[in-house]
Amino acid sequence: MPFTAFISDLHLTPERPHINAVFFEFLQGRVRAADALYILGDLFEYWAGDDDLSDPFNAHVARALKELAAHGVPIRLMHGNRDFLMFEGFARAAQVELIADPTVLSLYGTPTLLMHGDTLCRDDHRYQAFRNRVRSRWWQRVFLLQPLWLRRAVVARARQISERSKRRKPQAIMDVTAAAVEEAFRTSGCTRLIHGHTHRPAVHRYQVDGRTCERWVLSDWYQQGHCLLVEPGGCKAISLP
């Protein structure tokens, strides 16, 4: 049966060799029979710019993706909140197609909306303000003019601040808001939404303008690898050994 695979929030880093091994094994396994692989953000723990391909680990990940693409599986990559500085340099090296957030496609006849998920977390006003700032062209242009060692240091510091901030925030603030989800369904006209970011894997069902809609939340890869398989008959979440 045909299927399309979806993953997100892998947060790959040399400091987590177990999950790295799961990822590389995944690329050698069942996904080679997929119609396509979609990575909906946060492939890496952080990305300081495409010149970070000089790092051996980052280059290894790019080569592994390129090998899967050469096997005939289209790979489509969406930016997350950790790797939004990926551009055409990485796309060429990994032979992936960068896609917009959000993206709409017909998936075996079902209109499906793909998102990373962070824009759905509207109650986290501080994060949304930060996101708007760092996604602007002027900020990225100035940041990428800095030497790579400095960018890495800035990103590492930002990660530390983010982790401390998350510990102080109420859990509800870091989840999606119902109004944002319903608006996404209404605006896109889709009946299925697939996203990551919140690290709260589940399937949620809604009634929006008389339509039955479903929201599939992808899992993170901090403890174990996970994948959502979408087939003509529906969706199936699986854990990777």
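For region 72-225, the solvent-accessible area of protein heavy atoms averages 52 Å² per residue (probe radius 1.4 Å; ligands and nucleic acids excluded). Counted over region 30-73 with a bin width of 5 Å, the fraction of Cα pairs per bin, in whole percents, is 5, 18, 27, 23, 17, 9, 1.
Cα centroid separation, region 46-64 to region 1-15: 17 Å.
The mean sequence separation of alpha-carbon pairs under 8 Å and at least six residues apart, normalised by the residue count of the chain, gives a relative contact order of 25 percent. Computed over protein heavy atoms with a 1.4 Å probe, the carbon and sulfur contribution to the accessible area of the chain reaches 55%. Rg over Rh for region 1-131 works out to 0.97, both radii taken from alpha-carbon positions and Rh defined as the Kirkwood radius.
Which percentage, to the nearest 5, of the DSSP beta bridges contained in the chain is antiparallel? In the chain, approximately 55 percent of DSSP beta bridges are antiparallel ones. Each of the peptides 35-46, 20-31 was scored by the mean count of other Cβ atoms within 10 Å over its residues; in descending order, highest first, they stand as 35-46, 20-31.
For the chain, hydrophobic long helices are taken as DSSP H runs at least 18 Å long by C-alpha position along their axis with mean Kyte-Doolittle hydropathy of -1.0 or more; these are 56-70, 148-168.
From the mean inverse distance of alpha carbon pairs (Kirkwood) and the Cα radius of gyration, derive Rg over Rh for region 121-241. On the Cα set of region 121-241, Rg over Rh gives 1.04.
Please report, to one decimal in angstroms, the Kirkwood hydrodynamic radius of the chain built from all distinct Cα-Cα pairs.
Averaging 1/r across every pair of different Cα atoms and inverting gives 18.5 Å.
With only alpha-carbon pairs counted, each pair once and no self-pairs, how large is the Kirkwood hydrodynamic radius of region 1-51 in angstroms?
12.1 Å
Normalised by the number of residues in region 1-119, the average gap of Cα pairs under 8 Å and 6 or more apart makes the relative contact order 26 percent.
The values are calculated or read from the model by the stated rules, or taken from the named source; none is laboratory data. All values reported here derive from a predicted model rather than from experimental measurement. Counting neighbours? That spans all protein chains shown, and the Cβs are built from the backbone with ideal geometry, glycine included. Ligands, DNA and RNA are stripped out before the accessible areas are found, and what is left, the full protein with its side chains, is counted by its heavy atoms. Shrake-Rupley method; radii C 1.70, N 1.55, O 1.52, S 1.80 Å.
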